[in-house]
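The block underneath contains the structure these notes are about, expressed in structure tokens.
The values are calculated or read from the model by the stated rules, or taken from the named source; none is laboratory data. These figures come from a predicted structure and were not determined experimentally. Note that we place each Cβ from the backbone using ideal geometry, even for glycine, and neighbour counts take in every protein chain shown.
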Amino acid sequence: MIPNSKEARIQGGDAAKGNRRRSQRITAQTPVKPITAPRRVKLISNLALTALLGVILLTLSLWLGGIHLPFLPTVPDQPSLSISDGPYRVGSIIQLRGAHFSRYAIIVLLRDEQPATDSNGLRQSVDSDGQGAFTATLTLTADWSPGNHILAAKDTSSGQQVSVAISVEKATGQRAG
């Protein structure tokens, strides 16, 4: 029996509804698979992360081991001051050597917290080199009394100061009095 067009539409509509229901049941029952990268992409990304971690660890170990790497900041050394061996008497010449000061800075020399002066009364200062080092000569003039004194070098760029203690002896032929 051939259905008339009205019946065919109803049956066709029912069939379409049934297909939709079936497809809905199938989708509801099938778990959704996440989209994943192919194995080759995973391998390459894991290798890249491993290499990056290795470079970071190698750089850190070299830096902590004391090797200077130009792209990493360095911890600056504290300034140091050394003087030539004594005895120190009025008229003696002292060689001062400084290291680890600011590069190309003016270093002011101090005696007992006051500017050190030369025999003409001019204040003593010296320029540090590109490594932050300097060498200076200081003459112990007549205004240096016998006893303990503090020699210091003050970096005018960083404000850091380092000092050494010296003991000035009486000049030979000088009487106590």
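Observations on the structure shown:
- Whenever a residue of the range 154-165 is under 14 Å from SER128 (Cβ atoms), its partners that are basic (Lys, Arg) and surrounded by 15 or more Cβ atoms within 10 Å (Cβ to Cβ), lying with C-beta atoms within less than 8 angstrom and at least six residues away or across chains, give the pairs GLN160/LYS154; GLN161/LYS154.
- Scanning the range 95-122 for residues that are assigned to a strand (DSSP E or B) and at pLDDT below 90 yields a single hit, THR117.
- Figure legend. Inter-residue proximity from the range 75-99: first residues more than 20 Å from SER119 (Cβ to Cβ) and surrounded by 12 or more Cβ atoms within 10 Å (Cβ to Cβ), second residues of a type in the set (Phe, Trp, Tyr) and modelled with pLDDT of 90 or more, beta-carbon distance below 8 Å, spacing 6+ or different chains. Indicated pairs: PRO79/PHE101; ARG97/PHE134; GLY98/PHE134.
- Residue in the range 146-159 that is under 23 Å from VAL90 (Cα atoms), at pLDDT below 90 and polar (S, T, N, Q) present: no
- The numbered conditions (1) on the phi < 0 side of the Ramachandran plot; (2) more than 39 Å from the chain's Cα centre (by Cα) are all true for GLY121 except (1).
- Of all residues in the range 123-145, those satisfying the criterion of being of a type in the set (A, V, I, L, M) and part of a loop (DSSP other than H, G, I, E, B) are ALA133, LEU140, ALA142.
- Members of the range 91-128 found to be among the charged types (D, E, K, R) and over 13 Å from SER157 (Cα atoms), listed by number: ARG97, ARG111, ASP112, GLU113, ASP118, ARG123
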